[in-house]
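Novice: Have a look at this one.
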Amino acid sequence: DFILYSALKDTFERKFGVSPIFYVRAPGRVNLIGEHIDYCGYSVLPMAIEQSILAAVSVNSSGQIRLANTDAQYQDYMVSCSADIFIDRNNPKWHYYFLCGVKGVQEAFGITELAGMSCVVDGTIPPSSGLSSSSALVCCAGLVTLEANQKYMTKVAIAEICAKCELYIGTEGGGMDQSICFLAEAGTAKLIEFQPLRALDVKLPNGAVFVISNCCLEMNKAASSYFNIRVVECRIATKMLAKARGLDFSRFLKLAQVQTELKASLKEMLLLVEEMLHVEPYSREEICKVLGITMEQFSADLLSDNTQHLTQFKLHQRAKHVYGEAARVLHFKSVCDSEPADSIQLLGELMNQSHISCRDLYECSCPQLDQLVEICLKSGAVGSRLTGAGWGGCAVSMVPRERVEYFLQAVRDAYYLCDPLRAAMEKQSLFVSKPVGGAAVLLEH
Ligand code: ADP
Ligand code: NG1
Ligand code: MG
């Protein structure tokens, strides 16, 4: 850590000719189970990881926010402190993620003139790989802005602000990433619950190690529509289920709200999906007819900007994944709490079921990730699954402690060393992770 900070300090001084007065560190995360359900209102189970976004900052009276990055692929950017902050969701450059965090804090406090600041950002989270580099950057910027403007709030409040302001980039996420980024504590995974937001400790079994492996295929969520297509399908499934049960569907946006309203169990919700939603994809016409809305209302109220082109919607499969995955999260937590003799086996099975559901029902995996998960299981993992949004990026595997060295070598040989591009990335792509603490400010002295 010391080496990271002092290298960043050097870069900052060369760039801006003054010393930074504080640093912010915001961690990435690995989601152990509970994929694509946060935006449906369901609890998820991530832990923060060592890989982080770091920023060095100085505050001044220039009336400007100056941004630079240690990685040359991310260009310098400058904006006036009194200008309206514009975020271009059609062109999601790195500085717009930073500006999401700035704008979130500015709006929360109604700040008309932000403090001038210079900032150099450095990062160790593989980007667009499901370890939440985007939210670490947004949360880092949010905390930088709080500190630079001498504003303070609770962790829960800043987590909620950052979850909301990352929506400016266009992906309609549910808040898992920003919540764990602020609410994480060293040594424990967390069950993140929404409405109200809270984080409960989840003690992971001592005999298990969690290993992250990147399939080395990037998927930029804001520059594509894969993510929002799933959000939209879940929103439509919500309305169709509500309507099928005679509820006023206009009041419902998330699948969890339908469950709450019906006072049903997740098992009962799965039965309802089987009964009420057909497996064949739905057309726009069919949805409009069932809901009694016009094509215009459909486009305006149910679709996002980047999903206006969609013609088919797989409602049965998506809803089935969400209710099933929500149940697996609760089961995972209860196994961790009760520590039965076969905990590792039980948790591994839940992770495997989660991957199969993501692959087959939610269709958010890809051939490389499926191959990697298969290799991990053959190499001694008890459970392995894609983590984060998917369509590329990382898998997380649970490996019995005594098998870790063997596991790492076997995955190295079978997935990385056989391909020169992967071999070159192997060091940052295959690593053991342990739960670290949440985002923090470090003052220079
Ligand atoms: P993830 O799964 O990592 O959250 P996203 O596709 O949501 O992936 O976000 C990736 C984007 O985050 C990158 O395209 C880049 O704009 C930004 N980003 C990630 N890491 C950095 C970094 N170290 N510096 C600047 N921007 C970064
Ligand atoms: P990643 O892959 O880290 O961008 C996204 C969402 C999460 C969650 C997961 C899938 C954002 C900021 N993040 O994570 O909220 O929905 O996918 O479980 O939108
Ligand atoms: Mg992201």
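The values are calculated or read from the model by the stated rules, or taken from the named source; none is laboratory data. Values in this document were obtained by computation on a predicted structure and should not be read as measured data. Heads up, the Cβs are rebuilt from the backbone with ideal geometry, glycines too, and the neighbour counts pull from every protein chain shown. Keep in mind that these areas ignore ligands, DNA and RNA; they rest on the heavy atoms of the full protein, side chains included. Shrake-Rupley method; radii C 1.70, N 1.55, O 1.52, S 1.80 Å.
Novice: With +1 assigned to the C-beta of every Lys and Arg and -1 to the C-beta of every Asp and Glu, and no other charges, what is the dipole magnitude of the chain about the Cα centre in debye, to the nearest 20? List each step's numbers first, then the result.
Specialist: Numbers: 41 positive and 49 negative charges, 58 e Å.
Rounded to the nearest 20 debye, it is 280 debye.
Novice: Cα-based Rg of the stretch 225-292 per 2.2 N^0.38 Å, rounded to two decimals? If you can, show how the numbers build up before the last one.
Specialist: Working: Rg = 11.8 Å, N = 68, 2.2 N^0.38 = 10.9 Å.
Rg over 2.2 N^0.38 Å, computed on Cα atoms: 1.08.
Novice: Now for a different question. Taking θ = phi - 60°, what integer Hz values does the Karplus form 6.51 cos²θ - 1.76 cosθ + 1.60 yield along the stretch 132-146, in sequence order, with x for Gly and Pro?
Specialist: Here the 3J(HN,Hα) series is 6, 4, 4, 6, 4, 5, 4, 5, 4, 5, x, 6, 4, 5, 4 Hz.
Novice: Cross-link candidates for residue 289: which aspartates and glutamates have Cα within less than 17 Å, leaving aside residues fewer than 8 places away along the same chain?
Specialist: Residue 289 reaches 233, 248, 280, 301.
Novice: With a sphere of radius 9 Å drawn around the Cβ of residue 230, what net charge do the other residues whose Cβ falls strictly inside it have (Lys, Arg +1; Asp, Glu -1)? Write out the running numbers ahead of the final one.
Specialist: Numbers: positive: 318; negative: 233, 363.
Net charge in that neighbourhood comes out at -1.
Novice: Under unit Cβ charges (Lys, Arg +1; Asp, Glu -1), what dipole magnitude, rounded to 20 debye, does the stretch 174-219 have relative to its Cα centre? Let's see the in-between values first.
Specialist: On the way: 3 positive and 5 negative charges, 30 e Å.
Dipole size: approximately 140 debye.
Novice: Per DSSP H run of at least 4 residues, take -39500 (n - 2.57); add these up for the chain, divide by its residues and hand me the 222 nm value, nearest 500 deg cm²/dmol. Don't jump to the answer; show the numbers that get you there.
Specialist: Details: 14 runs with 184 residues, N = 445.
About -13000 deg cm²/dmol.
Novice: Where the centre of each part is set by its Cα atoms, how far does the stretch 179-205 sit from the stretch 398-424, in angstrom?
Specialist: Spelled out, the Cα-based centre of one part sits 29 Å from the other.
Novice: Right, something else. Whole-Hz Karplus ³J(HN,Hα) for the stretch 181-186, in order, using 6.51 cos²θ - 1.76 cosθ + 1.60 and θ = phi - 60°, x for Gly and Pro?
Specialist: Karplus values, whole Hz, x for Gly and Pro: 4, 9, 9, 4, 9, 4.
Novice: OK, next. Of the listed peptides 345-354, 89-98, 225-234, 280-289, what is their order by residue-averaged count of other C-beta atoms within 10 Å, with the highest listed first?
Specialist: Working: 345-354: 20.6, 89-98: 19.0, 225-234: 22.2, 280-289: 14.6.
Result, highest mean Cβ count within 10 Å first: 225-234, 345-354, 89-98, 280-289.
Novice: Could I ask something else about it? Please give the residues of the stretch 98-140, grouped as numeric ranges, whose backbone N is less than 14 Å from a label point set 7 Å along the Cα-to-Cβ vector of residue 164.
Specialist: Flagged as within label range: 101-111.
Novice: Ok, one more. Residue 286: net charge of surrounding residues, Cβ under 13 Å, Lys/Arg +1, Asp/Glu -1, itself excluded?
Specialist: Numbers: positive: 239, 243, 284, 289, 314; negative: 280, 285.
Result for the neighbourhood of residue 286: +3.
Novice: Any idea what Rg and Dmax come out to for the stretch 66-118 if you just take the C-alpha atoms, in Å?
Specialist: 11.5, 34
Novice: Taking θ as phi - 60°, what are the ³J(HN,Hα) couplings along the stretch 271-285 by the Karplus curve (6.51, -1.76, 1.60), each to the nearest whole Hz, with x for Gly and Pro?
Specialist: 5, 4, 4, 4, 7, 9, 10, 7, 6, 4, x, 8, 8, 4, 4
Novice: Using Cα springs under 10 Å in a Gaussian network model of the chain, which residue among 264, 163, 56 shows the largest mean-square fluctuation?
Specialist: In the Gaussian network model the winner is 264.
Novice: Hey, can you rank 313-320, 104-111 by average C-beta count inside 10 Å, highest first? Show your work: numbers first, answer last.
Specialist: Numbers: 313-320: 23.2, 104-111: 17.5.
My ranking of the peptides, most packed first, is 313-320, 104-111.
Novice: Taking the Cα centroid of the stretch 238-300 and of the stretch 25-48, what is the distance between the two, rounded to the nearest whole Å?
Specialist: Centre-to-centre (Cα) distance: 25 Å.
Novice: Still on this structure, I have one more. Output the pairs from 254/320; 243/314; 221/434; 15/164 with a Cα-Cα distance over 24 Å in this structure; if there are none, say none. Numbers along the way, then the final one.
Specialist: Details: 254/320 14 Å; 243/314 17 Å; 221/434 26 Å; 15/164 32 Å.
Among 254/320; 243/314; 221/434; 15/164, the Cα-Cα distance tops 24 Å for 221/434; 15/164.
Novice: If you place +1 on the Cβ of every Lys and Arg, -1 on the Cβ of every Asp and Glu, and leave all else neutral, what size is the dipole of the stretch 1-139 about its Cα centre, to the nearest 20 Debye?
Specialist: Details: 9 positive and 13 negative charges, 27 e Å.
My answer is approximately 120 debye.
Novice: With all pairs of different alpha carbon atoms counted, what Kirkwood hydrodynamic radius in Å does the chain show? Kindly include the intermediate steps, with their values, before the conclusion.
Specialist: Working: mean 1/r = 0.0443 Å⁻¹.
Kirkwood radius, the chain: 22.6 Å.
Novice: Just to be sure I understand the curve: with the Debye formula and one point per C-alpha of the stretch 373-445, what is log10 I(q)/I(0) at q = 0.25 Å⁻¹?
Specialist: -1.26
Novice: How would you order 175-182, 418-425 from highest to lowest mean count of nearby Cβ atoms within 10 Å? Intermediate values should be presented prior to the final figure.
Specialist: Details: 175-182: 29.1, 418-425: 12.6.
Result, highest mean Cβ count within 10 Å first: 175-182, 418-425.
Novice: If you roll a 1.4 angstrom probe over the protein chains with everything in place, what fraction of the accessible area of the chain belongs to carbon and sulfur, to the nearest %?
Specialist: Details: 9840 of 18640 Å².
On the chain, the fraction of accessible area on carbon and sulfur atoms equals 53 percent.
Novice: Averaged per residue, what accessible area in Å² does the chain show with a 1.4 Å probe, protein chains only?
Specialist: Numbers: 18640 Å² over 445 residues.
Ligands and nucleic acids excluded, the result is 42 Å² per residue.
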